[in-house]
1. With respect to the numbered conditions (1) at pLDDT 95 or above; (2) closer than 19 Å to GLN84 by Cα; (3) β-branched (Val, Ile, Thr), which one is the sole condition not fulfilled by ILE143?
2. Step by step: first the residues of the range 28-71, then only those that are of a type in the set (Asp, Glu) and more than 12 Å from ALA5 (Cβ to Cβ), then the one that is surrounded by the most Cβ atoms within 10 Å (Cβ to Cβ). Which residue is that?
3. Report yes if PHE76 is farther than 30 Å from THR152 by Cα and of a type outside the set (A, V, I, L, M), otherwise no.
4. Return yes or no: is MET117 under 30 Å from LEU13 (Cβ atoms) and surrounded by fewer than 18 Cβ atoms within 10 Å (Cβ to Cβ)?
5. Of all residues in the range 138-162, which are among the β-branched types (Val, Ile, Thr) and either surrounded by fewer than 19 Cβ atoms within 10 Å (Cβ to Cβ) or touching a strand residue (DSSP E or B) at 6+ places or on another chain (Cβ under 8 Å) (or both)?
6. When you check ARG101 against the structure, is it surrounded by 15 or more Cβ atoms within 10 Å (Cβ to Cβ) and under 30 Å from GLU120 (Cβ atoms), yes or no?
7. Identify all residues within the range 120-137 that are out of contact with any Lys or Arg (no Cβ under 9 Å at 6 or more places or on another chain) and either closer than 16 Å to LEU107 by Cα or surrounded by fewer than 13 Cβ atoms within 10 Å (Cβ to Cβ) (or both); write none if there are none.
8. Suppose the filter is exposed (fewer than 14 other Cβ atoms within 10 Å of the Cβ), of a type outside the set (A, V, I, L, M, F, W, C), within 30 Å of VAL63 (Cβ to Cβ) and within 18 Å of the chain's Cα centre (by Cα); does ASN165 pass it?
Amino acid sequence: MSVDAKRVGEQILSLRKSKGLTQQELGKRLNISFQAISKWERGETLPDTALLPDLAEVLETTVDNLLMDGVRAAKFQRRITVAQIREGLDCFSRIGDLLGRDSYFYLGAIQGCDQKMNIELERYLSEPFTKEAMVAEAAMQCIMNGAYIDMTDIKKGFAFEHWANTVADFAQKHGIR
């Protein structure tokens, strides 16, 4: 599979414009000149490989998407459903029910998530809208880590349309149609 500089440039241009960024603004965020951005977008040069992760992050996409014109190079590693994600999050409460809310296993799991994600997981999981936010966050993490979630399942698997749309948009950016 070869990388076509012209197509990569067109992809960068399209994504940059969709984010409402100028070449100058994108260059500033990447600590490079706008002229370098211009050369990429004209297909004259390709971004340095060291810049690709940062470029993908700024443009809210993946390196695969940048280099392969929106076609995911790697196959999805596994399939998962919104119901399985919800079940996984419900396991936190189940650990508390089975082992006790004062168990080090439960406290460690909750505190680890609180610290890593800068949230109050128990509170988030106790309220329907914020619990759906956690399901959405977990779904997007799964997608970023190579999981495939069917678009129909995304649309039907959430109680709140806002979270279904958020995950669906994210999934499309990561090659799920």
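1. Looking at each condition in turn, ILE143 falls short on (1).
2. Once the filter is applied, the top-ranked residue is ASP64.
3. On the way: farther than 30 Å from THR152 by Cα: no; of a type outside the set (A, V, I, L, M): yes.
For PHE76, the condition - farther than 30 Å from THR152 by Cα and of a type outside the set (A, V, I, L, M) - is not met.
4. Spelling it out, it is not the case that MET117 is under 30 Å from LEU13 (Cβ atoms) and surrounded by fewer than 18 Cβ atoms within 10 Å (Cβ to Cβ).
5. Within the range 138-162, ILE149, THR152 meet the criteria.
6. no
7. GLU120, LEU121, ARG123, SER126, GLU127, PRO128, PHE129
8. So ASN165 fails the test.
The values are calculated or read from the model by the stated rules, or taken from the named source; none is laboratory data. Small disclaimer: the values here were computed from a predicted structure and weren't measured. No Cβ is skipped: glycine too gets one built from the backbone with ideal geometry, and neighbour counts run over all protein chains shown.
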